[in-house]
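*Asks:* Structure incoming, see below.
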Amino acid sequence: MYLPLVVGVDGSESSLRAVDWAADEADLHEVPLLVVFGTLWERYEGAALARELGRPSTEMKADDIFKAATRRARRRHPDLVVTTETVPDEAEHALVRAGRNASMIIVGSRGRSGVADRLLGSVSRTVAALSDCPVVVVRGNHDNRALGGRHDRIVVGIGAGETSASVLRLAFTEAQLRHVPLAAVRAWRCPAHETVDHPLLTGGPARLYEERAAKELETALEDAPSDVAVGRHTAEGPARAVLPAASADAGLLVIGRRVHGRLGRVAHAVLHRSACPVVVVPERT
């Protein structure tokens with residue numbers, strides 16, 4: 001039995017864009033789509049649902065939100081199996097619980113607060129930190145398509161030390177399904193005190209750190225499937241800056257999360273600054 005893909009909705013424009021992306025992803029993986037709405041969200045009154053349902057902006061209930069989400073998903077993929085579920089709980093807890101029996105959770109980057117798109121909503125942040133399955137936060141100003149868009153490469157962040165197989169496995173799978181190249185990015189830094197030695201040695205320590213990063217990158221990619229074109233990239237700087245920069249021309253950025261219940265500094269920065277959707281993968285020890 002195939003586990004469904006879960007998408008969280010609240011009637012906001014951000015959540016409806018997440019439905020578009022989720023519908024593409026579910027169709028790509030040939031799994032059903034489950035639309036989840038937490039009933040403790042307040043009723044929504046705004047332009048996004050009004051435009052989708054073609055009637056004046058009035059108070060919307062759960063049925064209206066489901067109707068809009070289902071219509072958008074089936075408009076993109078008429079044969080996609082779409083079900084809906086109302087959960088009597090706060091949005092983040094409803095989604096985390098639904099994710100225990102899901103292949104992936106898709107959420108928008110923000111909810112109905114009206115803050116700028118560059119800010120990450122609390123629901124998205126909490127779900128990404130607590131979920132037992134991968135979580136995609138749909139952000140950036142791309143075309144809301146999981147595949148076939150203008151940005152046809154996937155980026156995966158390779159951390160220091162051993163990279164979890166679950167992170168690489170998801171990155172490889174997404175690249176295979178989309179038939180796009182994968183860019184593996186390893187950020188590195190040379191401690192400041194090692195770059196101020198004798199002038200004739202300037203740059204020497206930095207080269208050593210870069211070479212070490214390149215070797216770690218090769219080790220992490222030893223089992224890369226032969227049918228995926230993998231580019232290897234090392235970049236000087238903190239990962240929290242290098243990875244968002246690499247997302248500018250990507251369709252998806254894959255990162256790991258090592259601690260349950262908490263986003264590290266890198267994941268936190270990436271989720272706030274990425275120019276494309278980000279998938280946070282729980283790393284299995």
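*Asks:* Under a point spin-label approximation (7 Å from Cα along Cα-to-Cβ), what is the Glu236-His93 distance to one decimal in nm?
*Replies:* Distance between label points: 5.0 nm.
*Asks:* Whole-Hz ³J(HN,Hα) for each residue in segment 233-239, computed from phi via Karplus 6.51 cos²θ - 1.76 cosθ + 1.60 with θ = phi - 60°, x for glycine and proline: what do you get?
*Replies:* 9, 10, 9, 6, x, x, 4
*Asks:* Shifting gears a bit: Note down the accessible area of Phe172, probe 1.4 Å, to the nearest 10 Å².
*Replies:* Surface accessible to solvent at Phe172 totals approximately 20 Å².
*Asks:* Multiply the residue gap between Arg265 and Asp223 by 0.36 nm, knock off their C-alpha separation, and tell me the result in nm, one decimal place.
*Replies:* Stretched fully, the Arg265-Asp223 segment lengthens by 12.3 nm.
*Asks:* Could you sort Thr86, Thr126, Thr219 by accessible area so the largest value comes first, with the probe set to 1.4 Å?
*Replies:* Details: Thr86 65, Thr126 40, Thr219 85 Å².
Per-residue accessible area, sorted high to low, gives Thr219, Thr86, Thr126.
*Asks:* Skip the ligands, DNA and RNA, and give the accessible area per residue of segment 232-285 with a 1.4 Å probe, whole Å².
*Replies:* Averaged over the residues of segment 232-285, the accessible area is 45 Å².
The values are calculated or read from the model by the stated rules, or taken from the named source; none is laboratory data. A quick note: this is a predicted structure, and the numbers were derived from the prediction, not measured. For neighbour counting, all protein chains shown are included, and Cβ atoms are generated from backbone atoms with ideal geometry for every residue, glycine included. To get the accessible areas, we keep the full protein, side chains included, count just its heavy atoms, and leave off ligands, DNA and RNA. Shrake-Rupley method; radii C 1.70, N 1.55, O 1.52, S 1.80 Å.
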